[in-house]
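Novice: Quick one: structure below, then a few questions.
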């Protein structure tokens, strides 16, 4: 017997941004529950709006499958004494709750055993679900959780009703103190309360009658259709925005699109500002013409069936008008002074109490940017770089940035463009805060890259110099994010770089501080490489050979990743671990490698290794310097036979000091040579 | 609708739903949440329902009376329902009807907006409510106040009265709102907007403000040592207002900010704990007797447990 299963968790409005993950988690949890419980089903669908999380299984078996299970007792050999059941056998039967007569002999790999067969499973699906669902829902996680009655029970928002039906019958269960029933709830304003439903089709139909489109796909389609319709009606096309679309799909239970208009004088505002006002603040879509020019219309998604008397459109227009009027006022006022003039005011804006003002920061950025430009070969002309850096922070003094802090940089770039700065200059200012995250893209202009690198490195070094170092989850100044952005930019643009040289020339950190910062930076590098799919031991091996330049580290880790599975490489990794241990032990004993050696008792295998090291050492150095890490690794793998023979025949820790020293020195040379490519002893084999 | 009709309609609505109708607090505050009828009443186990209008000062939002939308001082109507009933959102929607809004003709949304007042050690989860795109209310389930977890939690509803009335009357300039049939909002309030903007942005003496901050902080500590939490709380509110003015002037850097906030937060934490202890001493008079005695017993057990823990720790430290 198969039946249909429906669960609706009725909640107060769940944040739209959390919905997608919530539905996925719920669906996956359900499939796991059904599979683990041996309940056959065709598929698990999840649907939902901000006010409901819904699971639908069209065809679910009524009963768990049954399985035969064998329970074994004592071996046959000790099961009977004088033809009577032994104490061991009787004890087993008693514990298992079966009679001795029910036991029989089972032939197993380990011999004959006494035991019995029984059937397990066969429990009702509704029983399993009523036990399993509460735990599954309790284990869901959201970006921000709350409690409403019991501090031990958290969810994203209060749960207010639950529908749980198997084939039309209520599954008895309780979620956060709310008992499941058959009653759902309609649209807050247009729908009824306590809507009785008997099954999934009935549920969908009745909710639609009560102005709830439960299926997100249905809502998305309705929104997309109406957006298109209204954009075309106004002679344009919608400015697509997938993230915004998902947000309005989940905020609204019965979405409809309403088109509004704004005064065309606001089109004086740069597109970026207009779209930010519409999108970020009001969740409106913009409309553009065939050439991509903004039109003075917007499309709002409302949570109701229609705008009966035009008040909704008027309301949205009012809100947008007030916002745009503010923005336009700021845009005009902010143009009254040039970025160069505004720069003077930066002395009064504190960057960090101990690190001075933004004026002080600019003074540091100029030389830093110049040396980064040189080091990376970015090739930004000095006069361009001077303008880019010099005007980069002036927008902090504008009202627009006060109003739209997230547009810092973008606004500076737009103001520079209006002042007539060259594209190279304004774009660099415009994109200086990119990448905002690892998902964001790096600046496209080299000016933007150099400025962004200099700015972030200055912040990083400055914060380390005053001890403002991230601990645990605390990173109020976003130093992890900044460091990741630095690494990402260097990798994206394939730029040569040396963190040590930067730290040396900055001079603010002493040796200890530099090491601490390098450790922090290596952690971020590890994180980024790990995210790119490299194994932690590959990353450790590559970083073991130095982390100064992310591009170099990436090349090394790629080369290592390609060859690590080859048998020679596996053997070399083992040999290197051995070499590293020997060297560590001798160092621990305080044995120096300094001192004379001679060629006494030089055996063939030692001689062979020496010749090999003489040949390979310069070759590996040359290949590493040229970034030819793959070939260097091939060379390294090629020495396997010689190294194996050496370790088979030669005792390194010879009792004679001179011989021992000679052999240790040879191994050290080999180790150091290969360390330019990777610390292969880190590779887990 | 006039400004005072709006106030009366909402106060009447909530008065009929068992709220104590309170008056604004007589110390300057930045938001209705800082009124002791919210900050203190949400603490501890006693149920409470209250509504009041609170003029709220935001020095940084002052615009000398020139901006049609921004005010240094605006009016919040604040409602606390402790504990929140299960249908609190529907009751809220009814309150919109009481203002003459026909719900089915509008686009009403509850959009995620969580609330935090770092100085007050307070956090909550909730929404902003929008009416045809205009944000008309904040709706928050309090989770913590003064650094203490709340049980029961409170539901807080805050109406921005000026903004709502501008929408209802389709008025684009706040100063054009009718306060009553005879006098406009601008006639009553415009001059104070000018004077206080000038004061906060130009004349407030920064050094004196820092000194006053120190003085009120010291006074609050002194009062806390004497277990007078209400008077200590007033002094914390003074600190908060002084901080807001200094902040509006850009006189506080990012790092200082964190530090100054932490100073007031620790005072407000002591106020919160002291208030709950005071209510415990009174045996939670707003609870029915049986529940009150249960809570008193529970508090006694908690105190015992934590003193045991302390002793254990102390012994461990001694032996270790």
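The values are calculated or read from the model by the stated rules, or taken from the named source; none is laboratory data. For clarity, every value in this text was computed on a predicted model and none was experimentally measured. Here the Cβ is made from the backbone with ideal geometry for all residues, glycine too, and neighbour counts use every protein chain on show.
Novice: Just for segment B:167-185: of the residues that are without any contact (Cβ under 8 Å) to a residue 60 or more places away in the chain and surrounded by 16 or more Cβ atoms within 10 Å (Cβ to Cβ), which one is farthest from the other protein chains (Cβ to nearest Cβ)?
Specialist: B:184
Novice: Condition check: assigned to a helix (DSSP H, G or I) and more than 14 Å from every other protein chain (Cβ to nearest Cβ). Does residue A:60 satisfy that?
Specialist: No; evaluated as a whole, the condition is false for this residue.
Novice: So, one more: Report yes if some residue within segment A:397-410 is surrounded by fewer than 20 Cβ atoms within 10 Å (Cβ to Cβ), out of contact with any helix residue (DSSP H, G or I) (no Cβ under 8 Å at 6 or more places or on another chain) and under 20 Å from residue A:489 (Cα atoms); otherwise report no.
Specialist: No, segment A:397-410 contains no residue that is surrounded by fewer than 20 Cβ atoms within 10 Å (Cβ to Cβ), out of contact with any helix residue (DSSP H, G or I) (no Cβ under 8 Å at 6 or more places or on another chain) and under 20 Å from residue A:489 (Cα atoms).
Each row is one residue, and each column tells you yes or no for (1) farther than 20 Å from residue B:31 by Cβ; (2) surrounded by 13 or more Cβ atoms within 10 Å (Cβ to Cβ).
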{"site": "B:197", "(1), (2)": "no, yes"}
{"site": "B:226", "(1), (2)": "yes, no"}
{"site": "B:230", "(1), (2)": "no, yes"}
{"site": "B:268", "(1), (2)": "no, yes"}
{"site": "B:281", "(1), (2)": "yes, no"}
{"site": "B:294", "(1), (2)": "yes, yes"}
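Novice: Quick one: count up the residues across segment A:146-176 that are in contact with a strand residue (DSSP E or B) (Cβ under 8 Å, 6 or more places away or on another chain), part of a loop (DSSP other than H, G, I, E, B) and within 8 Å of another protein chain (Cβ to nearest Cβ).
Specialist: The total comes to 5.
Novice: Within segment A:1-30, which residues are more than 14 Å from chain B (Cβ to nearest Cβ) and part of a strand (DSSP E or B)?
Specialist: Within segment A:1-30, A:2, A:3, A:4, A:5, A:6, A:7, A:8, A:9 qualify.
Novice: Restricting attention to segment A:250-261, does a residue exist that is under 30 Å from residue A:412 (Cβ atoms) and touching a residue at least 12 places away in the same chain (Cβ under 8 Å)?
Specialist: The answer is no, given that none of the residues of segment A:250-261 is under 30 Å from residue A:412 (Cβ atoms) and touching a residue at least 12 places away in the same chain (Cβ under 8 Å).
Novice: Turning to a different aspect of this structure: Test each condition in (1) more than 14 Å from chain B (Cβ to nearest Cβ); (2) surrounded by 16 or more Cβ atoms within 10 Å (Cβ to Cβ); (3) in contact (Cβ under 8 Å) with a residue 40 or more places away in the chain; (4) not in a loop (DSSP other than H, G, I, E, B) for residue A:380 and report the one that comes out false.
Specialist: It is condition (4) that residue A:380 fails.
Novice: Let me ask you something else. Kindly provide the set of residues from segment A:360-372 that are within 14 Å of another protein chain (Cβ to nearest Cβ) and farther than 22 Å from residue A:489 by Cβ, ordered by number.
Specialist: Passing the criteria: only A:360.
Novice: Quick check on this structure: which one of A:529, A:560, A:517 is modelled with pLDDT of 95 or more and within 29 Å of residue A:637 (Cβ to Cβ)?
Specialist: Of A:529, A:560, A:517, the one residue that is modelled with pLDDT of 95 or more and within 29 Å of residue A:637 (Cβ to Cβ) is A:529.
Novice: Right, next: Applying the selection to segment A:262-283, what residues are over 28 Å from residue A:217 (Cα atoms) and touching a helix residue (DSSP H, G or I) at 6+ places or on another chain (Cβ under 9 Å)?
Specialist: Residues satisfying the conditions are A:262, A:263, A:265, A:266, A:267, A:268, A:269, A:270, A:272, A:273, A:274.
Novice: Counting only residues that are more than 19 Å from the chain's Cα centre (by Cα), at pLDDT 95 or above and under 15 Å from residue B:120 (Cα atoms), how many does segment B:221-262 have?
Specialist: Going through segment B:221-262 one residue at a time, the tally reaches 0.
Novice: I would also like to ask the following. Check residue B:23 against each of (1) surrounded by 19 or more Cβ atoms within 10 Å (Cβ to Cβ); (2) touching a strand residue (DSSP E or B) at 6+ places or on another chain (Cβ under 8 Å) and name the one condition it does not meet.
Specialist: With (1) surrounded by 19 or more Cβ atoms within 10 Å (Cβ to Cβ); (2) touching a strand residue (DSSP E or B) at 6+ places or on another chain (Cβ under 8 Å) applied to residue B:23, the lone miss is (1).
Novice: So is residue A:605 out of contact with any strand residue (DSSP E or B) (no Cβ under 9 Å at 6 or more places or on another chain) and under 29 Å from residue A:659 (Cα atoms) or not?
Specialist: yes
Novice: With the structure loaded, tell me whether residue A:287 is within 14 Å of chain B (Cβ to nearest Cβ), surrounded by 22 or more Cβ atoms within 10 Å (Cβ to Cβ) and in contact with a strand residue (DSSP E or B) (Cβ under 8 Å, 6 or more places away or on another chain) or whether it fails that test.
Specialist: For residue A:287, the condition - within 14 Å of chain B (Cβ to nearest Cβ), surrounded by 22 or more Cβ atoms within 10 Å (Cβ to Cβ) and in contact with a strand residue (DSSP E or B) (Cβ under 8 Å, 6 or more places away or on another chain) - is not met.
Novice: In addition: Do you know which of the residues in segment A:329-356 that are assigned to a helix (DSSP H, G or I) and surrounded by 18 or more Cβ atoms within 10 Å (Cβ to Cβ) is nearest to the other protein chains (Cβ to nearest Cβ)?
Specialist: Out of the qualifying residues, it is A:355.
Novice: Can you tell me how many residues within segment B:69-84 are in a strand (DSSP E or B) and within 14 Å of chain A (Cβ to nearest Cβ)?
Specialist: 2
Novice: Any residue at all in segment A:233-241 that's within 27 Å of residue A:288 (Cβ to Cβ), more than 30 Å from the chain's Cα centre (by Cα) and part of a helix (DSSP H, G or I)?
Specialist: Yes, because at least one residue in segment A:233-241 is within 27 Å of residue A:288 (Cβ to Cβ), more than 30 Å from the chain's Cα centre (by Cα) and part of a helix (DSSP H, G or I).
Novice: Is there a residue in segment A:75-83 that is under 28 Å from residue A:64 (Cα atoms) and at pLDDT 90 or above?
Specialist: Checking segment A:75-83: not a single residue is under 28 Å from residue A:64 (Cα atoms) and at pLDDT 90 or above.
Novice: Check residue A:221 against each of (1) loosely packed, with under 15 Cβ neighbours inside 10 Å; (2) farther than 30 Å from residue A:416 by Cα; (3) touching a strand residue (DSSP E or B) at 6+ places or on another chain (Cβ under 9 Å) and name the one condition it does not meet.
Specialist: The one condition residue A:221 does not meet is (3).
Quick grid of which residues meet (1) in contact with a strand residue (DSSP E or B) (Cβ under 9 Å, 6 or more places away or on another chain); (2) surrounded by fewer than 17 Cβ atoms within 10 Å (Cβ to Cβ):
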{"position": "A:51", "(1), (2)": "yes, no"}
{"position": "A:60", "(1), (2)": "yes, no"}
{"position": "A:67", "(1), (2)": "yes, yes"}
{"position": "A:71", "(1), (2)": "yes, yes"}
{"position": "A:97", "(1), (2)": "no, yes"}
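Novice: I need a count of the residues in segment A:643-658 that are in contact (Cβ under 8 Å) with a residue 60 or more places away in the chain and buried (at least 16 other Cβ atoms within 10 Å of the Cβ).
Specialist: 3
Novice: Sticking with this structure for a sec: Mind telling me which of the residues B:256, B:283, B:277 ends up being away from chain A (no Cβ under 14 Å) and assigned to a helix (DSSP H, G or I)?
Specialist: Just a single option satisfies the conditions, and that option is B:277.
Novice: Take segment B:30-58 and flag every residue that is over 24 Å from residue B:283 (Cα atoms), surrounded by fewer than 23 Cβ atoms within 10 Å (Cβ to Cβ) and touching a residue at least 60 places away in the same chain (Cβ under 8 Å).
Specialist: Result: B:30, B:31, B:53, B:57, B:58.
To keep it simple, each residue is scored yes or no on (1) at negative phi; (2) away from chain A (no Cβ under 11 Å); (3) buried (at least 19 other Cβ atoms within 10 Å of the Cβ).
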| residue | (1), (2), (3) |
| --- | --- |
| B:93 | yes, no, no |
| B:96 | yes, no, yes |
| B:109 | yes, no, yes |
| B:117 | yes, yes, yes |
| B:122 | yes, yes, yes |
| B:127 | yes, no, yes |
| B:137 | yes, yes, yes |
| B:140 | yes, no, yes |
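Novice: For residue A:248, all conditions in the list (1) part of a loop (DSSP other than H, G, I, E, B); (2) out of contact with any helix residue (DSSP H, G or I) (no Cβ under 6 Å at 6 or more places or on another chain); (3) within 14 Å of chain B (Cβ to nearest Cβ) hold save one; what is the number of the exception?
Specialist: Of everything listed in (1) part of a loop (DSSP other than H, G, I, E, B); (2) out of contact with any helix residue (DSSP H, G or I) (no Cβ under 6 Å at 6 or more places or on another chain); (3) within 14 Å of chain B (Cβ to nearest Cβ), residue A:248 misses just condition (1).
Novice: Would you list the helices (runs of 4 or more DSSP H) that sit entirely within segment A:432-530 and hold 2 or more residues that are over 22 Å from residue A:373 (Cα atoms) and over 17 Å from the mean Cα position of the chain (by Cα)?
Specialist: Hits in segment A:432-530: A:446-465.
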